[in-house]
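Report on the structure given below.
The values are calculated or read from the model by the stated rules, or taken from the named source; none is laboratory data. Nothing here was measured: the structure is a model prediction, and the numbers come from that model. Here the Cβ positions follow ideal geometry from the backbone for every residue, glycine too, while neighbour counts run over all protein chains shown. Note: areas computed on protein heavy atoms with side chains; ligands, DNA, RNA excluded. Shrake-Rupley method; radii C 1.70, N 1.55, O 1.52, S 1.80 Å.
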Amino acid sequence: MRIVSGGVSDVGRVRTNNEDCFRIVTPLNLFVLSDGMGGEAHGEIASALAVETLVKHCMDTEKNPAAPFFGQPNPGWNARTKRLASAVYLANKNIFQSAEEHPEQHGMGATMTAAWIEGVKLSIAHVGDSRAYLLRSGNLLQLTQDHSLVAEQVRRGILTAAEADESDMQSVLLRALGAQPEIEVDAEEQVLIARDVLLLCSDGLTRMVTEPEIAGTLQAETDPTKAAERLVSLANENGGADNITVVVVRLETDSKGWFSWLRRGAQKKTGGNGSTGGK
């Protein structure tokens, strides 16, 4: 399979500062998204620090697999999932310490949703209410659970999903990076198949665009960057009440199968340059 991806971040129609941050690390098939909290520039600092910490930790440990883990990884997780969770623990530590050392940053925090693909294996680590979805055969599955007050009330049967959508407590998080010196990290593992679509997004998308609209857009637009742009546009058309960040990852059937190999072989025999492969 071949992995193609794209991402877009937008300030929205109401906010004046974009506190979201994302990164796509193509060589590692690593995808990271964080939504900062804290007002002014502090949320922006928290989300950028979260993303920077996670990416650096994962890249460093690719060179040194024996590097120590942070936190207490579940022994049942695979190596990539353990490392991803370790990076989220470290991000929490760095944000908390930064706020301790700089009083003006007190109260800042961030969500974190990160995905790492190795072959057909998907690892996800998650804290907060930014989400990861998997679109497969037209069905949109939310892979992460929101660590928010209203989501917990829905899980306990206190609120219905419709009531939660209308609640003015949607922004209250029960878990976020930087709030405490230690953090509990959720992790998820999936086996991917061709034509799966992975979506990472901040709540600026999910509060403005319904899941059927998200699924329809991902099905209609096969270019990941254009799909992300369209989802951001939909969120803005519906009010754009928050920053909006979207990362779309598509798993495509590799066109370089045996038939293409034969064609390249024929080209080489006739003096052509052939193909050295793509991404």
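With 0.36 nm allotted per residue and the present C-alpha distance subtracted, the Q142-N78 stretch has 20.9 nm of extension available.
Extension gain for T222 to A67 (0.36 nm times residue separation, less C-alpha to C-alpha distance): 52.0 nm. Karplus-based coupling profile of the stretch 116-121, in residue order and whole Hz: 10, 10, 10, x, 9, 9, with θ = phi - 60° in 6.51 cos²θ - 1.76 cosθ + 1.60 and x standing for Gly or Pro. Given the options I158, I183, I124, state which has the largest fluctuation in a GNM of the chain using a 10 Å cut-off (strictly under) for Cα springs. Per the Cα network of the chain with a 10 Å cutoff, I158 tops the list.
Under a model in which nothing but the beta-carbon of Lys, Arg (+1) and Asp, Glu (-1) is charged, the stretch 41-101 shows a dipole of about 360 debye around its Cα centre. Judged by the ratio a/c of the largest to the smallest principal axis of the C-alpha gyration tensor, the stretch 32-157 counts as oblate, that ratio being 1.5 or greater while a/b is no larger than b/c.
Using heavy atoms of the protein chains and a probe of 1.4 Å, the accessible area assigned to T222 is about 80 Å². With Cα atoms defining each centre, the stretch 1-75 and the stretch 197-255 are spaced 18 Å apart in the structure.
Let me check against my output: what whole-number percent is the relative contact order of the chain, with C-alpha pairs under 8 Å and at least 6 apart?
Details: 587 pairs, mean separation 71.4, N = 279.
Across the chain, relative contact order equals 26 percent.
Per residue, how much accessible area does the chain have with a 1.4 Å probe, in Å²?
I get 50 Å² per residue for the chain.
Would you please report the Å³ per residue occupied by the convex hull of the alpha carbon atoms in the stretch 191-257?
Numbers: hull volume 5.6 nm³, N = 67.
Dividing the Cα hull volume of the stretch 191-257 by its residues yields 84 Å³.
Let me spell out the model: positive unit charges on the Cβ of Lys and Arg, negative unit charges on the Cβ of Asp and Glu, origin at the Cα centre of the stretch 77-211. What dipole size does that give, in debye rounded to 20? Mind dumping the intermediate values first?
Details: 12 positive and 19 negative charges, 131 e Å.
So the magnitude is around 620 debye.
Between V191 and E163, what is 0.36 nm times their sequence separation minus the Cα-Cα distance? Round to one decimal in nm. The partial results should precede the final answer.
Values: separation 28, 0.36 × 28 = 10.08 nm, distance 3.35 nm.
So the extension gain works out to 6.7 nm.
Dividing the summed -39500 (n - 2.57) terms of all DSSP H runs of n ≥ 4 by the residue count of the chain sets its mean residue ellipticity at 222 nm at -11000 deg cm²/dmol.
Taking the Cα centre of the stretch 1-74 as origin and charging only Cβ (+1 Lys, Arg; -1 Asp, Glu), how large is the dipole, in debye to the nearest 20? It would help to have the intermediate numbers written out before the result.
On the way: 6 positive and 9 negative charges, 57 e Å.
Dipole of the stretch 1-74, to the nearest 20 debye: 280 debye.
Would you list M112, M169, M208 from the most to the least accessible area, probe 1.4 Å? Numbers along the way, then the final one.
Numbers: M112 0, M169 80, M208 45 Å².
From most exposed to least exposed: M169, M208, M112.
Could you calculate, for the chain, the ratio of the Cα radius of gyration to the Kirkwood radius, expressed as Rg to Rh? Don't skip to the answer; put the middle values down first.
Values: Rg = 19.9 Å, Rh = 19.6 Å.
We get a ratio of 1.01 for the chain.
Note on the chain: GNM, Cα springs under 10 Å; of E100, E166, E189, the largest mean-square fluctuation is that of E166. Between the helical axis of 258-269 and the longest alpha-carbon principal axis of the chain there is an angle of about 50 degrees. Take the Cα of V120, step 7 Å toward its Cβ, do the same at E211, and the gap between the two points is 2.6 nm.
Distant-in-sequence amide contacts of L192, defined by a placed amide H-H separation under 5 Å and a gap of 5 or more residues or a different chain, comprise K121, L122.
Ordering of 147-155, 84-92 by packing is 84-92, 147-155, highest average first (other Cβ atoms within 10 Å, averaged per residue). Remark: the Cα gyration tensor places the stretch 12-93 in the prolate category, a/c being 1.5 or greater and a/b exceeding b/c.
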